[in-house]
1. Do you know which residues across region 202-211 are surrounded by 14 or more Cβ atoms within 10 Å (Cβ to Cβ) and either among the hydrophobic types (A, V, I, L, M, F, W, C) or modelled with pLDDT of 95 or more (or both)?
2. Is there a residue being out of contact with any Phe, Trp or Tyr (no Cβ under 7 Å at 6 or more places or on another chain) and closer than 24 Å to F146 by Cβ anywhere in region 46-69?
3. Every residue in region 119-148 that is without any contact (Cβ under 8 Å) to a residue 60 or more places away in the chain, of a type in the set (D, E) and touching a Ser or Thr at 6+ places or on another chain (Cβ under 7 Å), please.
4. Out of everything in region 149-190 that is free of Cβ contacts under 8 Å to residues at least 24 places away in the same chain and closer than 27 Å to A136 by Cα, what residue ends up being surrounded by the most Cβ atoms within 10 Å (Cβ to Cβ)?
5. Name the residues in region 72-98 that are buried (at least 20 other Cβ atoms within 10 Å of the Cβ) and among the aromatic types (F, W, Y), would you?
6. For region 37-62: of the residues being surrounded by 19 or more Cβ atoms within 10 Å (Cβ to Cβ) and within 27 Å of W179 (Cβ to Cβ), which is modelled with the highest pLDDT?
7. Could you please find all residues in region 40-74 being assigned to a loop (DSSP other than H, G, I, E, B), more than 29 Å from F130 (Cα to Cα) and among the small types (G, A, S)?
8. Which residues, counting only those in region 191-204, are in contact (Cβ under 8 Å) with a residue 24 or more places away in the chain, farther than 22 Å from L97 by Cβ and assigned to a loop (DSSP other than H, G, I, E, B)?
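The values are calculated or read from the model by the stated rules, or taken from the named source; none is laboratory data. Keep in mind that what you see is a predicted model, and the values were worked out from it rather than measured. Cβ sites come from the backbone with ideal geometry, for glycine too, and all protein chains shown count toward neighbours.
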Amino acid sequence: MSEVRVAELFESIQGESSYAGMPCFFVRLAGCNLNCTYCDTPAAFEEGEPMAIDAVVAACAASGVPLVEITGGEPLQQDGFEYLAEAICGLPDKTVLVETNGTCDISRIPDGAIAVVDVKTPGSGMAGTFDEANIARLRSKDEVKFVLCDRGDYEWAAEFVREHDLSARCLALLFSPAWGKLDAATLGEWLLADGLPVRLQVQLHKVLNVR
């Protein structure tokens with residue numbers, strides 16, 4: 001596979017994960033198999049433009065930014081994902097993140113990359129799509145996030161974390177309030193009250209009004 005379908009390549013401030021706040025070069029692949037209620041990248045549903053994988057890698061290499069994220073859409077849907085991810089991981093002095101919606105087999109993510117796996121809550125409209133076999137595929141450096149729309153989502157996610165002992169399986173657990181649906185301070189109060197081993201994450205790129 002020599003090409004992938006690309007929605008856009010751009011530099012911005014990383015808004016999520018443990019790397020929030022860092023400059024990042026984004027490789028946004030086109031196409032998604034979900035339709036979340038709070039989706040902020042509807043353009044990713046489009047077909048995108050075919051682009052040679054070598055050209056995408058060259059763009060990553062040309063960027064002076066040391067952090068690269070492969071995202072979408074859902075990047076693992078594309079046949080050329082493994083080749084692309086391996087090639088980017090092979091670049092010197094680059095940290096590589098792969099953000100995935102959790103529906104695809106994350107063992108396809110190379111060892112050189114860090115998986116940021118989204119577990120869809122009921123409020124997303126896509127609950128039940130997460131491939132629970134991915135829990136066993138998590139590595140100690142990976143991260144798992146939940147985007148929460150309301151108290152029901154919070155309780156659902158908290159039970160998921162406890163049931164699967166997720167804090168022992170990955171580097172970070174991230175609870176993020178859906179933009180415009182749940183107040184971050186309210187979520188913080190819930191986390192303090194329950195003592196969950198998770199990190200409150202705000203979508204920093206939206207606070208900054210950047211992509």
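1. Residues satisfying the conditions are V202, L204.
2. Looking through region 46-69, none of the residues is out of contact with any Phe, Trp or Tyr (no Cβ under 7 Å at 6 or more places or on another chain) and closer than 24 Å to F146 by Cβ.
3. D131
4. The qualifying residue surrounded by the most Cβ atoms within 10 Å (Cβ to Cβ) is E155.
5. Once the filter is applied, which keeps residues that are buried (at least 20 other Cβ atoms within 10 Å of the Cβ) and among the aromatic types (F, W, Y), region 72-98 yields only F81.
6. G48
7. Passing the criteria: S63, G64.
8. Result: L196, single match.
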